[in-house]
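Q: Following this message is one structure expressed as structure tokens.
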Amino acid sequence: MKLSSRSEYGIRALLELAQRRGQGPIQSREIAERQDIPDAYLNQLLLTLRKAGIVQSVRGPAGGHLLAHPPERVTMAEVIGALEGLPHVESAEDAESDQSDAWAVRWVCNEIDEAVANVLREITLETLLTRKQARNNILTYQI
């Protein structure tokens, strides 16, 4: 499975918010600069994530964006589902057919869809933060 740039940028923006949780609202311009995401595109993604209840927006000069929930409660299934819908593996023969073994291909595709959905439900922003911390520790020790 390959993530779209929409999901990739959305996850990166949410990671930025998760890493800076407790520091108050973060302006989209700052997220865009730090994560190298086009500002206008990021604003579209943040609007979608806000409508999905994943991000909160604060207006005003000290405004910006915050996670609506703690990082351990934000799953990749929610994020990717909000940004583009859950992934679906399609078979060439998705419609019912007289072919006796067409069911097998649809069954395999359904199993793949369920496995991907299960993995995405298990991975949270907290999981990604923990992985990033471990990765940074490894890189630091290899000097």
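Q: Counting helices only, and only those DSSP H runs with n ≥ 4, report the 222 nm mean residue ellipticity of the chain as the sum of -39,500 (n - 2.57) divided by its residues, in deg cm²/dmol to the nearest 500.
A: Numbers: 6 runs with 83 residues, N = 143.
Rounded to the nearest 500, the figure is -18500 deg cm²/dmol.
Q: Taking only protein heavy atoms into account and a 1.4 Å probe, give the accessible area per residue of the chain in Å².
A: On the way: 9130 Å² over 143 residues.
Result: 64 Å² per residue.
Q: Along the Cα→Cβ direction, 7 angstrom out, place labels at I112 and Q27. What is the inter-label distance in nm?
A: Placing both labels 7 Å beyond Cα along the Cβ direction yields 4.5 nm.
Q: Once the Cα atoms of helix 102-122 and of the chain are each reduced to a long axis, what angle between those two axes, in degrees from 0 to 90 to the nearest 10, is obtained?
A: With both axes taken from Cα atoms, the answer is about 20 degrees.
Q: Taking the simple approach of a point 7 Å from Cα along Cα-to-Cβ for both E84 and R50, what is their distance in nm?
A: Distance between the two pseudo-spin positions: 2.3 nm.
Q: Given 0.36 nm per residue, what is the gain on full extension from E122 to R59 after removing their alpha carbon distance, in nm? Let's see the in-between values first.
A: Values: separation 63, 0.36 × 63 = 22.68 nm, distance 3.26 nm.
Length gained between E122 and R59: 19.4 nm.
Q: In degrees between 0 and 90, to the nearest 10, how far off the longest principal axis of the chain does helix 125-141 point, with axes built from Cα atoms?
A: Roughly 70 degrees between the two axes.
Q: Among (1) 2, 9, 15, 16, 13, 11, 10, 7, 5, 4, 3, 3, 2, 1, 0, 0; (2) 2, 10, 20, 24, 22, 15, 6, 1, 0; (3) 2, 9, 17, 18, 16, 12, 9, 7, 5, 3, 2, 1, 0, which is the computed P(r) over Cα pairs in 5 Å bins from 0, in percent?
A: Read-out taken from this structure: (3).
Q: Further, regarding this structure: With a sphere of radius 13 Å drawn around the Cβ of E84, what net charge do the other residues whose Cβ falls strictly inside it have (Lys, Arg +1; Asp, Glu -1)?
A: On the way: positive: K2, R6; negative: E8, E78.
My count for the surroundings of E84 gives 0.
Q: Give me a comma-separated list of calculated 3J(HN,Hα) values for the stretch 39-45, in order, Karplus coefficients 6.51, -1.76, 1.60 applied at θ = phi - 60°, integers in Hz, x for any Gly or Pro.
A: 4, 5, 5, 4, 4, 5, 5
Q: Also: Report the local net charge at G63: Lys and Arg +1, Asp and Glu -1, summed over other residues whose C-beta lies under 14 Å from its C-beta. Don't skip to the answer; put the middle values down first.
A: Details: positive: R29, R50, R59; negative: E30.
So the environment of G63 carries a net charge of +2.
Q: Quantify, in whole percent, the carbon and sulfur part of the accessible surface of the stretch 1-41 (1.4 Å probe; protein heavy atoms only). List each step's numbers first, then the result.
A: Values: 1010 of 2340 Å².
Heavy-atom surface of the stretch 1-41 belonging to carbon and sulfur, 1.4 Å probe: 43 percent.
Q: Then there is this: Among L46, G24, T75, which residue has its Cα positioned farthest towards the positive end of the charge dipole of the chain, with +1 placed on the Cβ of Lys and Arg, -1 on the Cβ of Asp and Glu, and the dipole taken about the Cα centre?
A: Of L46, G24, T75, it is G24.
The values are calculated or read from the model by the stated rules, or taken from the named source; none is laboratory data. All figures in this text were calculated on a predicted structure; none of them were measured in a lab. Quick reminder, even Gly has a Cβ in these numbers, built from the backbone with ideal geometry, and neighbours come from all protein chains shown. When the accessible area is computed, the model is the full protein with side chains, heavy atoms only, and any ligands, DNA or RNA have been set aside. Shrake-Rupley method; radii C 1.70, N 1.55, O 1.52, S 1.80 Å.
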